[in-house]
Ligand code: NAD
Ligand code: 0WE
């Protein structure tokens, strides 16, 4: 059954109430999981306060700063989990970043620094978090990350993020092959465009959403809750035979040729 009672779930990537990670955290909570939340710390602690207030109703028992570019913060997050929970069952990787300059104009103008940063935050971070989670997933587990169609097909302006998502989807397969022997499953959800902090900063996102509403089989976009429900499925025993996969939660958009 879809019951996550007794499961410990770490959710990364909540920035505000529009974050996909927020939709996932709410659905995992509803299924009975005990939550841990990480946030990207900033100097003034504004992010921390905002995220802390938002997640309070979900009663997280772990709440830690975790900038995935900092190995010490990753280590300290999982040290806290080891102390408080002793084990981990679910890891949600729901973060990405590329410099704004990198997300418009000619892809060939991508700088070495921009490429490296986008791939570090958006792709390598899954490897480093999975490595830290591995020794704690002693009773099996489920790792879920978020990807986008721009990692398999060219989407105008997605640019270096497309390369990061392609690498992320391949990370999923290599991690699934390695961790399968300890009954840890690794999957990705490829979500259709949703208005969030990250996507709203992108020029033309509203036109993209309108296009999806015209073309997708379901004639609409998807919600954070729908992505959260798919993630909950991938974290539950209902998906016990599923690993190394990319599950499209995009109202069917990806099947269309015109
Ligand atoms: P969001 O802005 O709400 O979430 C992005 C998160 O990444 C933020 O919480 C931010 O703090 C975090 N982050 C950035 N750099 C970080 C770092 N160095 N360390 C730790 N955290 C960091 O936007 P979102 O749309 O909910 O994005 C979540 C995921 O969903 C991303 O992987 C994105 O690529 C993916 N996705 C989004 C859409 C969409 O249309 N919104 C579609 C498909 C996939
Ligand atoms: O993965 C994403 C968002 C990724 C993202 C967005 C930003 C904007 C603000 C990563 N880094 C940044 N950096 C910023 O400074 N999506 C799938 C949403 C998205 O982003 C696009 C899209 C879609 C869809 C960018 C260009 C074209 C389409």
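Bear in mind that the values in this text are calculations on the coordinates, not laboratory data. Keep in mind the model is a prediction, meaning the values are calculated, not measured. Neighbour counts run over all protein chains shown; Cβ positions are idealised from the backbone, glycine included.
In terms of the Cα gyration tensor, with a ≥ b ≥ c the square roots of its eigenvalues, is the stretch 110-203 rounded because a/c is under 1.5, prolate because a/b exceeds b/c, or oblate? Judged from the Cα gyration tensor, the stretch 110-203 comes out prolate (a/c at least 1.5, a/b above b/c).
For residue 69 and residue 258, the FRET efficiency from 1/(1 + (r/R0)^6), where r spans their Cβ atoms and R0 equals 35 Å, is about 0.30.
The separation of the stretch 191-258 from the stretch 1-34, counted between C-alpha centres, amounts to 17 Å.
Summarising the label geometry, the points placed 7 Å from Cα in the beta-carbon direction at residue 166 and residue 82 lie 3.7 nm from one another. Length gained on full extension, residue 16 to residue 174: 53.8 nm, using 0.36 nm per residue less the C-alpha separation. Dividing the mean sequence gap of close Cα pairs (under 8 Å, 6+ apart) by how many residues the chain holds gives a relative contact order of 21 percent.
Calculated mean residue ellipticity at 222 nm for the chain: -11500 deg cm²/dmol, from DSSP H runs with n ≥ 4 weighted as -39500 (n - 2.57), summed, divided by the residue count and rounded to 500. Residue-normalised convex hull volume from the C-alpha trace of the stretch 194-258: 113 Å³ per residue.
Convex hull volume of the C-alpha atoms in the chain, normalised per residue: 127 Å³. Against the chain, whose longest principal axis comes from its Cα atoms, helix 20-30 is set at around 40 degrees.
For the stretch 130-210, the relative contact order works out to 34 percent when only alpha carbon pairs closer than 8 Å and six or more residues apart are counted.
In this rough spin-label picture, where each label sits 7 Å from Cα along the Cβ direction, the residue 181-residue 3 distance is 3.3 nm. The angle between the Cα long axis of helix 46-55 and the main principal axis of the chain comes to about 70°, on a 0 to 90 degree scale.
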